[in-house]
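Report on one structure; see the data block that follows.
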Amino acid sequence: MSKAVCTICHFLYDSRLGLPDLGIPSGTPFWMADDSIFMCPQCWGSKDIFIEVEESIIEVEDPNDLTELESEHVPIYTVEDETLVVRVWQVGVEHPQDRDHMIEWIEVRDEYGEVVDRVYFGLSDEVTASFSIDTEDDFEVYASCSEHGIWKWISHESTGL
Ligand SMILES: [Fe+2]
């Protein structure tokens with residue numbers, strides 16, 4: 001899900017609701033909402049005065065013992081040379097990639113929590129992404145579902161993944 005707040009009047013945009021009166025259907029992530037029609041329904045401010053709201057993060061620790069909901073969402077990754085390959089997909093479990101329910105993005109953050117890179121996904125896309133990273137530095141991987149929030153996998157050496 002995706003939320004953004006109007007910096008003038010504090011109206012909160014929620015992607016699950018959209019702004020149907022303005023032609024932005026429910027399920028539209030903030031970043032996908034059309035700039036030319038998006039405006040604050042309270043103060044009529046433009047899209048660029050909104051800032052995205054950080055959501056709570058669901059952390060998953062053991063990829064071998066997951067509920068179905070966790071399996072559908074957790075971003076599993078492998079590192080080869082300087083390339084980080086991330087996927088939100090496990091055998092037998094596939095997340096929907098529909099307009100009202102999809103994995104919106106996968107992102108990598110550095111050790112200070114700053115976003116280094118983010119890959120967006122659209123309808124019917126395969127949810128996998130590659131990032132170039134410096135493997136000497138710590139990093140974290142996140143995935144966002146339009147319905148179920150932001151997910152993070154805490155990797156352990158012992159899992160061998
Ligand atoms: Fe979901």
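Does ASP81 satisfy the condition of being among the acidic types (Asp, Glu), on the phi > 0 side of the Ramachandran plot and either away from the ligand (no atom under 13 Å from the Cβ) or free of Cβ contacts under 8 Å to residues at least 60 places away in the same chain (or both)?
yes
Working only within the range 124-133, note down all residues that are in contact with an Asp or Glu (Cβ under 7 Å, 6 or more places away or on another chain) and either at pLDDT below 90 or not small (Gly, Ala, Ser) (or both).
Of everything in the range 124-133, those that are in contact with an Asp or Glu (Cβ under 7 Å, 6 or more places away or on another chain) and either at pLDDT below 90 or not small (Gly, Ala, Ser) (or both) turn out to be PHE131, ILE133.
Scan the range 70-87 for residues that are closer than 19 Å to CYS145 by Cα and assigned to a loop (DSSP other than H, G, I, E, B) and jot them down.
The answer is VAL74, PRO75.
Mind checking which residues of the range 88-109 are under 18 Å from GLU59 (Cβ atoms) and in a strand (DSSP E or B)?
GLN90, ILE103, TRP105, ILE106, GLU107, VAL108, ARG109
Which members of the range 1-23 meet the condition of being of a type in the set (Val, Ile, Thr) and touching a strand residue (DSSP E or B) at 6+ places or on another chain (Cβ under 9 Å)?
Of everything in the range 1-23, those that are of a type in the set (Val, Ile, Thr) and touching a strand residue (DSSP E or B) at 6+ places or on another chain (Cβ under 9 Å) turn out to be VAL5, THR7.
Checking the structure you have, find out if any residue of the range 115-127 is over 17 Å from TRP31 (Cβ atoms) and part of a loop (DSSP other than H, G, I, E, B).
yes
Search the range 132-148 for residues being among the aliphatic types (A, V, I, L, M) and more than 16 Å from the ligand (Cβ to nearest atom), and hand back the single one that is surrounded by the most Cβ atoms within 10 Å (Cβ to Cβ).
Out of the qualifying residues, it is VAL141.
Quick one: in the range 56-69, which of the residues that are within 13 Å of the ligand (Cβ to nearest atom), touching a residue at least 24 places away in the same chain (Cβ under 8 Å) and not in a strand (DSSP E or B) is nearest to GLU114 (Cα to Cα)?
In this case the residue turns out to be LEU69.
Hey, any hits in the range 22-43 for a residue that's in contact with a Cys (Cβ under 7 Å, 6 or more places away or on another chain), in contact (Cβ under 8 Å) with a residue 12 or more places away in the chain and surrounded by fewer than 17 Cβ atoms within 10 Å (Cβ to Cβ)?
Let us first name the residues in the range 22-43 that are in contact with a Cys (Cβ under 7 Å, 6 or more places away or on another chain), namely 40, 42-43.
Subsequent filtering for residues that are in contact (Cβ under 8 Å) with a residue 12 or more places away in the chain retains 40, 42-43.
Then keep just the ones that are surrounded by fewer than 17 Cβ atoms within 10 Å (Cβ to Cβ); that gives 42-43.
Yes, the conditions are met somewhere in the range 22-43.
Restricting attention to the range 8-21, which residues are in contact (Cβ under 8 Å) with a residue 24 or more places away in the chain and more than 19 Å from TYR120 (Cα to Cα)?
The answer is ILE8, CYS9, PHE11, LEU12, TYR13.
Regarding VAL88, is this residue within 16 Å of the ligand (Cβ to nearest atom), under 16 Å from the mean Cα position of the chain (by Cα) and more than 30 Å from PHE11 (Cα to Cα)?
Yes.
The values are calculated or read from the model by the stated rules, or taken from the named source; none is laboratory data. Just so you know, these numbers come straight off a predicted model, no measurement behind them. No Cβ is skipped: glycine too gets one built from the backbone with ideal geometry, and neighbour counts run over all protein chains shown.
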